[in-house]
1. Looking at segment 140-258, what helices (runs of 4 or more DSSP H) fall wholly within it and have at least 1 residues that are under 30 Å from P106 (Cα atoms)?
2. Please note which helices (runs of 4 or more DSSP H) are completely contained in segment 308-403 and include at least 3 residues that are touching a helix residue (DSSP H, G or I) at 6+ places or on another chain (Cβ under 8 Å).
3. I need the full set of residues from segment 193-221 which are open to solvent by less than 20 Å² (accessible area, probe 1.4 Å) and among the small types (G, A, S), in order please.
4. Tell me whether segment 28-43 contains one or more residues that are on the phi > 0 side of the Ramachandran plot and modelled with pLDDT under 75.
5. For residues in segment 249-289 being of a type in the set (D, E, K, R) and within 26 Å of the chain's Cα centre (by Cα), which is most open to solvent (accessible area, probe 1.4 Å)?
6. Before we move on, is L86 in contact (Cβ under 8 Å) with a residue 24 or more places away in the chain, closer than 19 Å to V126 by Cβ and either in contact with an Asp or Glu (Cβ under 7 Å, 6 or more places away or on another chain) or not polar (S, T, N, Q) (or both)?
7. Answer yes or no: is there a residue in segment 379-386 that is surrounded by fewer than 23 Cβ atoms within 10 Å (Cβ to Cβ), over 25 Å from A319 (Cα atoms) and polar (S, T, N, Q).
8. Of all the residues that make up segment 137-196, how many are in contact with a strand residue (DSSP E or B) (Cβ under 7 Å, 6 or more places away or on another chain), of a type in the set (S, T, Y) and more than 23 Å from F253 (Cα to Cα)?
Amino acid sequence: MLILNKTAGVFSKPSKRNMYEFLRSFNFHSGKLFLHKLVLGIETSCDDTAAAVVDETGNVLGEAIHSQTEVHLKTGGIIPPVAQQLHRENIQRIVQEALSASKVSPSELSAIATTIKPGLALSLGVGLSFSLQLVDQLKKPFIPIHHMEAHALTIRLTNKVEFPFLVLLISGGHCLLALVRGVSDFLLLGKSLDIAPGDMLDKVARRLSLIKHPECSTMSGGKAIEHLAKQGNKLHFDFKPPMQRARNCDFSFSGLHHVIDKMIMQKEKEEGVEKGQILSSAADIAAAVQHTIACHIAKRTHRAILFCKQRDLLCQSNAVLVVSGGVASNLYIRKALEIVTDATQCTLLCPPPRLCTDNGIMIAWNGVERLRAGLGILHSTEGIRYEPKCPLGADISKEVGEAAIKVPRLKMKI
């Protein structure tokens, strides 16, 4: 029986008949002899419905994704019940497309891996419900996946990266720094105390009405800010990076967002522009906002590197900083982080942009990593829960704060 968290609400499971018909549609057997284990990954933690089949050597055999971006742009943000309904409408098709592209029959899978934490409760429920029906019909092992763990380990699919390494995960829903010591062994150094950087960029883009800008109308908020910032002068506005006196690795964006919101209101009055119209200074605001966020993220990351080296948690030379999550595709923020890694003799690595955002490949790969390590493989799914909120690893952020490491000033010439 499926047991849910109290915070999770109720979701409807696909009928056994529907799942039976779904599996019957795969009336082929590949005829191949697969020498490696195969994992199907399913991702529905937010607003992307994604699936992929990956083998244990890292070969991506098939993938499919349905993005809800266009719908949420029209509504001004993600509305959880809308996201849930779109997941329900698309999950079977997406899994079918991924399996068909892989030429792998469901019966040939070694395991099914699915995001169950953290994320939007209604979205997580759709993926878990579908996966449990699939697991039940196929009698395959189930591997529950922590969404942030999957982002952190994606780099090991694309690059030869050994443990330990430092990871910065920055997205629309998350912002954290962690030391990765193993497949499921994380030390949390710092996290956002309020909103995530991607969320803030989206909010600023909406406040600036960038969806009405001819060059930005089809872009997400973060992409619109990055695009417009190239045309602006970051020096025209002086926003102070948050938490400058706090010698830890935590982040904060809500205070900065409030300051920016007030400044936009002031500029609207000065220019005689009504809310909802585009300011003449929009590009300068975008440039200044992006620069301030980049400086804040860079300084906290710099302190994390110094802390890890001071405690011999990372190699003194050739240490690796991995940056992943949707905001990691922002090239300006990447350049700020390159300045930090150059100054600390570290190597900066980022997955390809398509693997920075939510996808089924990273979930399948995390399943492969866990399968190889023999970690968290379930042969019974009774009592499995989805968890909308779930920390990553052991939290040592208090210890980082107590170390009170002073970070040398770096010139952010980007």
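1. The qualifying helices (runs of 4 or more DSSP H) are 147-153, 155-158.
2. 331-343, 353-356, 360-373
3. Once the filter is applied, which keeps residues that are open to solvent by less than 20 Å² (accessible area, probe 1.4 Å) and among the small types (G, A, S), segment 193-221 yields A196, G198, A205, S209, G221.
4. Yes, that holds for at least one residue.
5. Residue satisfying both the conditions and the ranking: D261.
6. Criteria met by L86.
7. Yes, because at least one residue in segment 379-386 is surrounded by fewer than 23 Cβ atoms within 10 Å (Cβ to Cβ), over 25 Å from A319 (Cα atoms) and polar (S, T, N, Q).
8. Qualifying residue count for the region: 1.
The values are calculated or read from the model by the stated rules, or taken from the named source; none is laboratory data. These numbers were taken from a predicted model, which means no experiment stands behind them. Virtual Cβ from ideal backbone geometry, glycine too; neighbours counted across all protein chains shown. Please note that ligands, DNA and RNA were not included when accessible areas were found on the heavy atoms of the full protein model with its side chains. Shrake-Rupley method; radii C 1.70, N 1.55, O 1.52, S 1.80 Å.
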